Every structure is written in C-alpha cells, then in structure tokens.
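One structure is given here, and the rest of the page talks about it.
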Amino acid sequence: MRTIDVSSRLLAAALAAALAGGACSKDITGLESLPTLNPGSSDARAGEWRMILLSGPGQFPVAPPAEVGSDAYRAEIAAIKTAQAGITAAQREAIDYWSVGGVLRWNQILRELVARYNLPPAPRDNDTHVFPDANNPFADPAFPFANPPYAARAYSYVTVAQFEALKVAWAYKYQYNRPSPSRVDGGVQAMMTVTDLPAYPSEDAVLSGVTTEILRLLFPAAIEEITRKAGEEREAALLSGRATASDIAAGLALGRAVAAVFVARAGADGMGAAVGNAAQWQALAAAAAARGETPWKSLETPGRPPMLPNFGQVRAWMMTPADVVKERPTAPPSTSSAKMQQEVAEVKQTVQDLTREQMAIAYKWNDGAGTPTPPGHWNAIATEYVRDARFSEVRAARAFALVNMAMHDAAVGCWEAKFAYFNPRPSQLDPNIKTVIGLPNFPSYTSGHSTFSAAATEVLSYLFPGGASNFAAMRDEAGISRMYGGIHYRSDIEAGKEHGKRIGGYTVAFARQDGAN
Amino acid sequence: GTAAYTWRGKVTLDRSSYFTDGHLYLSDEVAMPDVFDYSVSLGYLKRGLQVPVTFTQQSTLGGGDIRRQDMPFVSNRMNYSRVDALVHYVLPRTRNLALRVGAGRTVSGRNVGQATSFTAGLLYTFHF
C-alpha cells in the first residue's frame, strides 16, 4: 500500500510539473521584435530628395495650417487632452503597436497579406484553369494570387508610394514648422517618442492614407481590415499627443492624393496583360521547339498555364524596356547538349545525397505558396537592419523603396529571360529527380530566388555596408537552396545572381545621387 | 475504453515565418495545440471467437485549418472519429493460431483524410 501511495504522489507531482511546463513553454519567440522608434535624425532636408515618379512637392499643394495661438488650434489641443483623459487599454495598446514606426508596421502587414493571398487558384472540375479577377476579388479564385512577381510589384508600389508621399510631407513640415502638440502645450502627454519633427502634415496620417489606397488596389478583398488598421494608426497619432486633428486631416489628404498617381501608374504598367492567353502559351512552346530546344511544360496535374508569361513586359522602376532586354542573360546550355546532361545529373546527385543541413537550407528559403515570397523574405531581412539603424520614417521608407524597386525590376528581368528561353526544369528532363520542395510552375532559366536575392543584396549592401558579407552569404545560400530543392540547375543560379546584381546596380546608381547621403 | 490527454510543447521549423490560422507568425517556433483522445470498445467473446468494435475520437484543442490549395501544417487542428471492427477467431483444433479480419472507417473528421482500411492476418501465439 505504501508503495502505491508514494508512486501516486510522484505521479501527481510529475503531472503538475508537466502542466506548469506545458503552459509556459508554448510562448513562441518572435524573430522581429521592434522597439519604440526613436530616430537618430529627423532628416530635415528629406523634402529636397530626388523624386522617383512624382514631379515634386509642388504637385500636391498643402494649405498653411492655423497658427499655434489661434482659437481653432487651441480647440484641437483641448480635444486631445479630453481624449487622453478617457483613453482605453485598447487605445494604449494601439499606441504601443504603432510607436515602432508606421513604415515597419505596414511592411509586416503587407507580408501577411501576401502570405494570405499566395495560393494558386484551384483547377476546375473539367481540368481547366481560371484566373483571379480584380473586379471580383471575393470570387473563387480569390484576387489576387500573390505569387512572387505579383508580390514583388506589390511590395514596390506600397513602399515607393510611401517614400514619395513622406518626402512631400517632409517638405511641407519644414515649410510650415508647426510643432507637435505636446511641445506646444505641456498639458498634452507625449505617449510616443516626440522629436523636433514638425507635425503638419502628420507623417502617420500620410502613411495611413497612401498605404490604404495602394492596398485597396492590390488586395481589394482585405480592404476592411486595412481600413481599420489605418484608422487605428491615425487615432494613435492623435491620442499619443503627436498630431492634432488638422495635422492628421492634411496628412490623410496628402497621402491619398499621392496614392492616386501610383494607382494610375499601376493601371497602365502592363500587369493586366501579364497572364497572356492560350495562343501565346502555345507560341512560346513552338518557338522553343523551333530553336531545337525541349520546351518547358507544366508538370502539374492537370497542367497549368505558365505563371505570368508577360510579366517581363511590365514597367520597371529604374530600367527602360530596352534596358530589360539588354541585361537579359545569355542563353542557357542547349537542352540537347552534354553540358545540360551534366547539369541534370548534378541536380539528381545532389538531391539523392542531400544532407540534413542542405534540406534545412532548401526549406528555409522555400518561400513557396502561403509565404510572403522571396521578396517578402528580403523585406524581413531589411526590417532588422532598418530597425537597428534607427532611421526616421522617411529614411526607413527610402530603404524599403530602394530594395523593393530593385526586386520588382529583378522580377521583370527574370521573367523576361524565363519566357525568352522557355527552358525546362530538371525534373522535366529527368523524371527520376524527386524534388524536395514544390516545383514552381514556370520555366527554369534563370532562378528567381537568385535574381531577387542578388538585386536585394546590391541595394542592402549599399545602404548597410557593415552587413555586406552577411547579405552576400544569404544571397548565395538562397541561390544554392534551389539546387538542394531539386528545382534548378547550377547555371540557372549562377546566371540569376549575375543578372540580379546588374539589375540592383540600376537602383544603387539612383540612390547614390538622390540627395539623401 | 481508454482516454488520454496529450500536452504538447513547441516545435522549431527550418524557416523564420509561417502562415497559419489567418496570421503570419514571425517566428520559427510553433505552439502545438494539446490533443485529447479516447476510445471505447464493445464486443462479443465466446470460446475462440472475439469480435470487438471500437470507436475512437481524437480532438485537437486548437490549431488552424488547412486552406484550399495550401500545404498542411504541423499545428493543424486534426480531429476525427473512427469506427473499427475486428473478428479474432482461434482456429479449431489449434491453440496457437488465430485468424484476424478487420475493417475501419473514419466517419467524420477535420483536416484528416476520410480513410477506410481493411486488415487480414494470421496470429500465432507462443505459450511459455
């Protein structure tokens, strides 16, 4: 009896320990903790930095604000004090959330949207395929299919529009020099970091307005959630004592006006024709066959049309259409050559002998369906560096805009090459190759991962020279991960990296003389 | 019958973010939902013939659903109810050899396949 008693006590103790252990061991460690933004500099001259799409601040007139001593302004200050007196726990939480900086937060939100919408449309029962329709975003398939080219373009529109809008805002901020409410009246509490940055127009409201309007175009089915986030950002700016109602109203109007210019560009950048049509898909295969090459074919069941064959004709940011063609990598080894046989054999051997470390690398950089895509992966990498650099909002926006312009241009250049050559995947030439990760449904040469990663590495190494060796190591790992995955030849990876490096150079050339240095 | 509650901790992925249950998690760690399962058996037993029928239910206490066209994920909410029947018959004039024939079916579930299974075999028992 005594033995049973002891063992049941032991069991109870073990159970209690398991309960306690189970409860606290489930807190997951976030890899992107962001501190409250306390910028090292306000970048007072950012209003003079060179524009990318806009002509300049004069394109968007912002009326002068009321004087700090006016009755209208005093009423706004009184309204902030009243609101602060009745602040709720949820509002405090929203202030904490946005206090890390709107540029970083919107980047996280954007990556989540891409991951949510990055699912290939399901084939119909009769094995045909349908494409998402921007005018019917809630239908099946949902709009968009945020695949890597779509995502690269989306990241670039959001970040470039944010950057341009903030440059305009900075010009007016320093033209009018109206201080932050908590600096005008000691009775207004500063619940976010308050700097000497003038408050009119509010940078938080500019970001909320410009981002909402661009996302309305790119992710229309998510607009309710986006609008709620944007409203929360503006409310946090007011409640935290950083901006008055008129600072916010002017910022919101400015952000929306800037967005309209980008929405117009997006409507005419060639994306609408990127899917192509059946006659064209057949012509691509026929052209490759006429050159004596084995044309790419879809290995999905049922076969799926190639992903966005005309994305190579979508307008780039820093390259003309002639630049895109000029930078196209030279042709891959012929599908009938001994060199190609050797490359196929190398992929097969690599997959057969794959080590646990190599498999981990293939998974780490898989970035396939349901993820923020390779451009999103590089935004996550950039986030750490932007955070640690304590950039002002406008300089943070510049970093993301530059990286994402380079990656959009990389997507355009890479897709232009992929459909110029229409080269088969390793597992098409040798069906015995068992891929480790999902096989992308578009031609092999060149590797998109390698192109994106090399373009991002060029720009990030320019912005953060101390990280250059780290970026280069990640670029190389991302590139070779595709051979570990069994989906790319070595020549796809090598040519993609060279191509991406050249494409990134266009953005770096712009950055060198945009006046921000 | 049996019942079990399984406490599960975390798993670590090879990647730095994952999307599940409507959110992008910026982490390589996944909190695994606990699992409760039980099974109840009723049957017939006479001489060499045993016919147990078992009902099994597993409930995962949390976790997201597999989205259409997406990959399954390690922390998916995997629930199922399953019925299995078995005929265990000791062959006449032997003490050691039994014939076993069984069938089972997943009758309902969430994020699991609706599987039907059949088994057939001979069981030889060593008596010491």
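Structure values in brief
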| item | result |
| --- | --- |
| In nm, spacing of pseudo-spin labels at A:ASP430 and A:GLU384 (7 Å Cα→C-beta vector) | 3.5 nm |
| Gained length - B:ARG15 relative to B:ARG110, 0.36 nm times residue gap less alpha-carbon distance | 31.6 nm |
| Extension reserve of the A:ALA473-A:ARG216 stretch, reckoned as 0.36 nm per residue once the Cα distance is removed | 88.9 nm |
| Where trypsin sites (Lys or Arg not before Pro) fall in DSSP loop in region A:397-437, at most 16 other Cβ within 10 Å | A:LYS434 |
| Per-selection Kirkwood Rh - region A:45-98 (Cα, Å, 1 d.p.) | 15.0 Å |
| Stokes-Einstein D (µm²/s) once Rh is taken as the Kirkwood radius of region A:250-309 over alpha-carbon pairs, at 37 °C in 0.692 mPa s | 223 µm²/s |
| Debye log10 I(q)/I(0) for chain B, one point scatterer per Cα, at q = 0.11, 0.14, 0.21 Å⁻¹ | -0.58, -0.77, -1.17 |
| Shielding of B:61-69 by partner chains, average beta-carbon count, 10 Å | 2 |
| Helix-only CD estimate at 222 nm, as mean residue ellipticity for chain A, using -39500 (n - 2.57) per DSSP H run (n ≥ 4) | -19500 deg cm²/dmol |
| Environment charge at A:THR373 (Cβ cut-off 15 Å; Lys +1, Arg +1, Asp -1, Glu -1) | +3 |
| Region A:66-138: GluC sites (Glu not before Pro) in DSSP loop, at most 13 other beta carbons within 10 Å | A:GLU67 |
| Cleavage-rule hits, trypsin sites (Lys or Arg not before Pro), region A:85-164, DSSP coil, Cβ neighbours within 10 Å at most 14 | A:ARG124 |
| 10 Å Cβ neighbours from other chains, averaged over peptide A:373-381 | 1 |
| Under 12 Å, Cβ to Cβ, from B:THR20 - net charge with Lys/Arg +1 and Asp/Glu -1 | -1 |
| Span from the region A:474-516 Cα centroid across to the region A:185-209 one, whole angstrom | 39 Å |
| Model label zone, A:ARG304; criterion: amide N under 18 Å from point 7 Å along Cα-to-beta-carbon; scope region A:328-369 | A:366-369 |
| Coarse-grained scattering of the protein assembly as shown at q = 0.06, 0.09 Å⁻¹, given as base-10 log I(q)/I(0) from a Debye sum over alpha-carbon atoms | -0.43, -0.84 |
| Which of A:VAL160, A:VAL184, A:VAL114 has the fewest Cβ neighbours within 10 Å, and the rest in rising order | A:VAL184, A:VAL160, A:VAL114 |
| Residues of type lysines that A:LYS339 reaches as a straight line, Cα spacing below 30 Å, ignoring anything fewer than 8 places off in the same chain | A:LYS297, A:LYS326, A:LYS348, A:LYS364, A:LYS418, A:LYS434, A:LYS497, A:LYS501 |
| Cβ-defined net charge surrounding B:GLY102, 14 Å radius [Lys, Arg +1; Asp, Glu -1] | +2 |
| Inter-label distance for A:VAL68 and A:ASN177, nm, one decimal - labels placed 7 Å from Cα along Cα-to-Cβ | 1.0 nm |
| Computed magnitude of the charge dipole of the protein assembly as shown (debye, nearest 20; Cβ of K, R +1, Cβ of D, E -1) | 1740 debye |
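Read-outs: derived from the displayed coordinates by stated rules, not from any lab. Bear in mind the structure is a predicted one, so any value in this text is a computation, not a measurement. Heads up, the Cβs are rebuilt from the backbone with ideal geometry, glycines too, and the neighbour counts pull from every protein chain shown.
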